[in-house]
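Structure, as structure tokens:
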Amino acid sequence: MAGSYTDPQMAVDTQPRSSSGHLPATPAVEIDRAVAALQESRQRWAELDVERRIGYLEALSEGTLRVARGQAEAAATAEGVPFASTAGGEEWLSGPYITLRMLRLLERTLDSLRQIGKVPINPDDVRVRANGRVAVKAFPIDLIDRLLYGGFQAEVWMQPEVTVDNLHDHTAGFYREPTPRGKVALVLGAGNVSSIGPLDAVHKLFAEGQVVVLKLNPVNEYLGPFIEDAFSALIRDGYFRIVYGGAEVGAQLVEHPGVDEIHITGSAGTHDVIVFGPGEEGAERKARNQPRIDKRITSELGNVSPVIVVPGRWSSSDLRFHAENLATQIYQNVGFNCNACKLIITHKDWPQRQELLDALRSVLRELSERPAYYPGAEERYDRFLRDHPGSEVLGRRRDGVLPPALMPDLDPRNRDLPAFTLESFCPITGETALGGDDAADFLSRAVEFCNDTLHGTLNAGIIVHPKTESELGDAVDNAIEKLRYGSVAINQWAALSYALGSTTWGAYPGHTLDDVQSGIGVVHNALLFDRPEKSVIRAPFRVFPKPAWFVTHKRGHEVGARLTRLEANPGLGQVPGIVLAALRG
């Protein structure tokens, strides 16, 4: 989950931990040796049978569980939050829990490929939408999902060339290659969420059949020993390596002749430096669309993530629930998420507009303060406050701590506002109000505004009361259809598309290197769809018990730890304990 900011991935030099807190940069000669070893093993990995790949997934799951508590605790410490707290719970949920779920679902898919030669898609889970396009149910996967996430559903919508008859021809493409060619992939890991780098590597290894060198971001390189432990079987057999360092190490790897492909999670600016080069020369190359490296590059690069609030009649409980829902999307991980809500879009004549905003202000003021651990956050925060007069700081500002902030009443006609064109990557969010003759007209205008004005195509959300949706007929489905985003969520945070594993995570398809927006390609995608267009998640308008990922949940750390153990060893006997912990939240 990336961000539109100047990323330390290519801009920070590292020094030994004893002087700066960083691990020593991997020496150039060791990087050459690592890449050479991967080159030697790449074809062996490409030709490895499915059964042995499943064995590596099992070893990864065992390793991830083994380091889970230590990794989560280290992440909480590094980010300056108490481990046994709501914020500490995020380190379970966004780290080992998501990783273990993804590994389990990939193992399920590969086991199906081993047994029947196809990914595990039930024909009853495939439907043809009104426009003739195919959609496949991707969640819930099993009874445990249905018990823990009652009413949540997700589909992956396919690109036009996919039909019911040829669906399986557009899945698991690597596993259908008669003579796969081994490749070495460089994964440039993000610094904000602990599962990003490992899961990007897992995607390259098991979805695309490539061996991986993972360069950790200096911001969270402390994760390295945990990842090395979890990936020890792959490291032992020559299929995976980790390296450390800043700009010089990144440049060496990007330009290394032994690296065949690159995956970037970071900012569009970092992407452009890698692809076209820095400064004026890089800008000129981009204008001519002349990349300086001739390698396949995939990426996930962030977004000005919108949430469209459809007007309706809401109770006071509805307003409070969705104030907490929006506050979570704004302040989880202190806003250092590519999928953080960056713009709330309301109907200017909705009688309850100010009630919702006031409820949101109240929730944000109630949250415990957290250190702004990501580099450059305070400068970005101050820039957005300066560029948007009328912004409201909803808490006490002090050195190293950024309270959530709201930029209300942004003028939708001023399409060059930074709030519309730049991802702040800090806990500040805008609100703008559009007109419309009725809810359907407003929704149509909001979709057009998102598509035509806002930066990025990664994820978007819609909040709509079920009675209102019923009255709107097909308007909500039409809005989902028209939103040019890789993930669209109804009534909950689109970050679920990152977390579920069976859904896809990445930008809307069609971007190019010189106009990359939110990136090229998808990751996660445990069902190995080759031609997805978007993932669509639907949740109930209200959820009980309160979701464990809400920033207002009082037992998120307990639920996160229990969910992590469940994903490692699924069993119905663990469900009651999870539910009881959730009820105490």
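In region 120-229, counting only strands (runs of 3 or more DSSP E) that sit wholly within it, the ones holding 2 or more residues that are touching a strand residue (DSSP E or B) at 6+ places or on another chain (Cβ under 9 Å) and surrounded by fewer than 15 Cβ atoms within 10 Å (Cβ to Cβ) span 126-128. Remark: pairs (first residue in region 109-124, touching a residue at least 40 places away in the same chain (Cβ under 8 Å); second residue polar (S, T, N, Q) and surrounded by 12 or more Cβ atoms within 10 Å (Cβ to Cβ); Cβ separation under 7 Å; 6+ apart in sequence or on different chains) = Lys118/Ser112; Val119/Thr109; Val119/Ser112; Val119/Thr171; Pro120/Thr109; Pro120/Ser112.
Please work out which residue is surrounded by the fewest Cβ atoms within 10 Å (Cβ to Cβ), limiting yourself to region 230-276 and to residues that are of a type in the set (S, T, N, Q) and not in a helix (DSSP H, G or I). Top of the filtered list is Ser267. Among the residues of region 566-585, those that are buried (at least 21 other Cβ atoms within 10 Å of the Cβ) and not β-branched (Val, Ile, Thr) comprise Leu566, Glu567, Ala581, Ala582. Could you please let me know if Arg66 is under 20 Å from Asn220 (Cβ atoms), over 22 Å from the mean Cα position of the chain (by Cα), assigned to a helix (DSSP H, G or I) and modelled with pLDDT of 95 or more? Yes; evaluated as a whole, the condition is true for this residue.
In region 169-202, what residues are among the β-branched types (Val, Ile, Thr) and under 24 Å from the mean Cα position of the chain (by Cα)?
Step one: list which residues in region 169-202 are among the β-branched types (Val, Ile, Thr), which gives 171, 179, 184, 187, 193, 196, 202.
Residues satisfying the conditions are Thr171, Val184, Val187, Val193, Ile196, Val202.
Kindly evaluate Glu471 against the criterion of being touching a residue at least 24 places away in the same chain (Cβ under 8 Å), more than 20 Å from the chain's Cα centre (by Cα) and over 30 Å from Arg365 (Cβ atoms). It is true that Glu471 is touching a residue at least 24 places away in the same chain (Cβ under 8 Å), more than 20 Å from the chain's Cα centre (by Cα) and over 30 Å from Arg365 (Cβ atoms). Regarding region 310-325, can at least one residue be identified that is in contact with a Gly (Cβ under 8 Å, 6 or more places away or on another chain), among the small types (Gly, Ala, Ser) and under 30 Å from Arg445 (Cα atoms)? No; the residues of region 310-325 include none that is in contact with a Gly (Cβ under 8 Å, 6 or more places away or on another chain), among the small types (Gly, Ala, Ser) and under 30 Å from Arg445 (Cα atoms).
Within region 446-457, the set of residues being buried (at least 18 other Cβ atoms within 10 Å of the Cβ) and farther than 19 Å from Asn325 by Cβ comprises Val447, Phe449, Thr453, Leu454, His455, Gly456, Thr457. Tallying residues that are in contact with a Gly (Cβ under 7 Å, 6 or more places away or on another chain) and small (Gly, Ala, Ser) within region 461-495 yields 3.
Please work out which one of (1) out of contact with any helix residue (DSSP H, G or I) (no Cβ under 9 Å at 6 or more places or on another chain); (2) within 16 Å of Ile345 (Cβ to Cβ); (3) charged (D, E, K, R) is the condition Asp477 fails and give its number. (2) is the only condition that Asp477 fails. Can you find a residue in region 422-430 that is modelled with pLDDT of 95 or more and at positive phi? Yes, the conditions are met somewhere in region 422-430. Residues that are hydroxyl-bearing (Ser, Thr, Tyr) and surrounded by fewer than 18 Cβ atoms within 10 Å (Cβ to Cβ): does region 383-400 have at least one? Checking region 383-400: not a single residue is hydroxyl-bearing (Ser, Thr, Tyr) and surrounded by fewer than 18 Cβ atoms within 10 Å (Cβ to Cβ). Using the structure shown, decide if Ala359 is crowded, with 18+ Cβ neighbours inside 10 Å, over 30 Å from Val516 (Cα atoms) and over 26 Å from the mean Cα position of the chain (by Cα). So Ala359 fits the description; yes.
Is it the case that Thr421 is within 26 Å of the chain's Cα centre (by Cα), surrounded by fewer than 24 Cβ atoms within 10 Å (Cβ to Cβ), over 22 Å from Gln352 (Cα atoms) and not basic (Lys, Arg)? Yes; evaluated as a whole, the condition is true for this residue. Scanning region 34-48 for residues that are of a type outside the set (Gly, Ala, Ser) and touching a residue at least 60 places away in the same chain (Cβ under 8 Å) yields Val35, Leu38, Gln39, Glu40, Arg42, Gln43, Arg44, Trp45, Glu47. Taking first residues from region 328-353 that are in contact (Cβ under 8 Å) with a residue 40 or more places away in the chain and in a strand (DSSP E or B) and partners that are among the acidic types (Asp, Glu) and surrounded by fewer than 24 Cβ atoms within 10 Å (Cβ to Cβ), the Cβ contacts under 6 Å between residues at least 6 apart in sequence or on separate chains come to Ile344/Glu431.
Which residue pairs have Cβ atoms closer than 6 Å, lie 6 or more positions apart in sequence or on different chains, and pair a first residue in region 479-491 that is more than 10 Å from Ile462 (Cα to Cα) with a second residue that is of a type in the set (S, T, N, Q) and crowded, with 23+ Cβ neighbours inside 10 Å? As it stands, the answer is Arg484/Thr457; Tyr485/Thr457; Tyr485/Asn459; Ser487/Asn459; Ser487/Ser497; Ser487/Ser535, since those pairs meet every condition given. The numbered conditions (1) within 17 Å of the chain's Cα centre (by Cα); (2) surrounded by fewer than 24 Cβ atoms within 10 Å (Cβ to Cβ); (3) on the phi > 0 side of the Ramachandran plot are all true for Gly510 except (1).
Residue pairs whose Cβ atoms lie under 7 Å apart, sitting 6 or more positions apart in sequence or on different chains, and linking a residue in region 355-372 that is assigned to a helix (DSSP H, G or I) to a partner that is among the polar types (S, T, N, Q), are Val363/Thr552. Looking for whichever is touching a helix residue (DSSP H, G or I) at 6+ places or on another chain (Cβ under 9 Å), at pLDDT below 95, farther than 30 Å from Asp125 by Cα and among the hydrophobic types (A, V, I, L, M, F, W, C) here; the options are Ala233, Ala247. Which one fits? That would be Ala247, the only listed residue that is touching a helix residue (DSSP H, G or I) at 6+ places or on another chain (Cβ under 9 Å), at pLDDT below 95, farther than 30 Å from Asp125 by Cα and among the hydrophobic types (A, V, I, L, M, F, W, C). In this structure, is Glu228 farther than 27 Å from Ala76 by Cα and of a type in the set (D, E, K, R)? Considered against the rule, which asks whether it is farther than 27 Å from Ala76 by Cα and of a type in the set (D, E, K, R), Glu228 comes out as no.
The values are calculated or read from the model by the stated rules, or taken from the named source; none is laboratory data. Everything numeric here is computed off the predicted structure, so don't read it as measured data. No Cβ is skipped: glycine too gets one built from the backbone with ideal geometry, and neighbour counts run over all protein chains shown.
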